[in-house]
Each structure stands twice: as C-alpha cells, then as structure tokens.
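S.K.: Mind looking over this structure? Questions follow.
FYI, it's all coordinate maths here, none of it is from the lab. Since the structure is predicted, the reported quantities are computational estimates derived from the model, not experimental observations. Every residue, glycine among them, receives a Cβ derived from its backbone with ideal geometry; neighbour counts consider all protein chains shown.
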Amino acid sequence: MAIIRQLNKKTGITYVFESVSYRDPVTKQPRSKRKCIGKLDENTNEIVPTRKKKSTTHHNESGESSGDGSTIKMDIIKEKDSEIIELKRRINELEKREEKIRASLLEIVNLI
C-alpha cells in the first residue's frame, strides 16, 4: 500500500490516493487499484476528506436495522418539511404585518 499525490492541472488541487498493488493472474503483469482519500491542503499540508463516510447500519422505526439509509433520509425529509411549514407560517405573519403598516401609512398620508 502506498500514498500517491496527484496534481490536477486544471484546478490546481492536489488529490491524495491510496494505491494497492497486485498481480493480474490473467496477464501476469502488476496492476494497482487506487482509492481517493481526499485533497491536500496546501497551507497545513493535511489531507482533507472529499466525501463523508457512509454508515452501513441504520435503524428504522421498529428498531430493525437496514443498510439503505432510507430511515435517515425520511427523518431529514420530515425535518425539512416541518421547517418549510414554519417558514411559510412566518411569511404569512410578515405579509399581514406589511398590510397593516401599509394601511397605517395610507391613513397618515391622507391626513397630511
């Protein structure tokens, strides 16, 4: 196993790969498999992961585990839906306030 750095000339980003060498039994030649670990931070010289690690086990509502992550996705969707509903409620309140302020301004302008 080796760590390989490769510069992307278009973006100027240096990517870090984990390379594992093996011998191909068919062609009887050495080959290697590369797996991207992350990007190299130029300032600190540290490896910054490019992707989050996937969790393999999730629990659904009945407590059973499932590997597809659908329960977590549903929880996120429910959370986002409730956030959208709350934001719509706040928008309606602000629109009502705006109407009251406009009506008050019109009364003031009419008095002048």
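S.K.: Just to be sure I understand, how many residues within region 10-31 are part of a strand (DSSP E or B), over 20 Å from Thr50 (Cβ atoms) and either touching an Asp or Glu at 6+ places or on another chain (Cβ under 6 Å) or of a type in the set (Ser, Thr, Tyr) (or both)?
M.R.: Result for region 10-31: 3.
S.K.: Another question about this same structure. What are the residues in region 18-56 that are of a type in the set (A, V, I, L, M, F, W, C) and under 30 Å from Lys73 (Cα atoms), if any?
M.R.: Correct list: Cys36, Ile37, Ile47, Val48.
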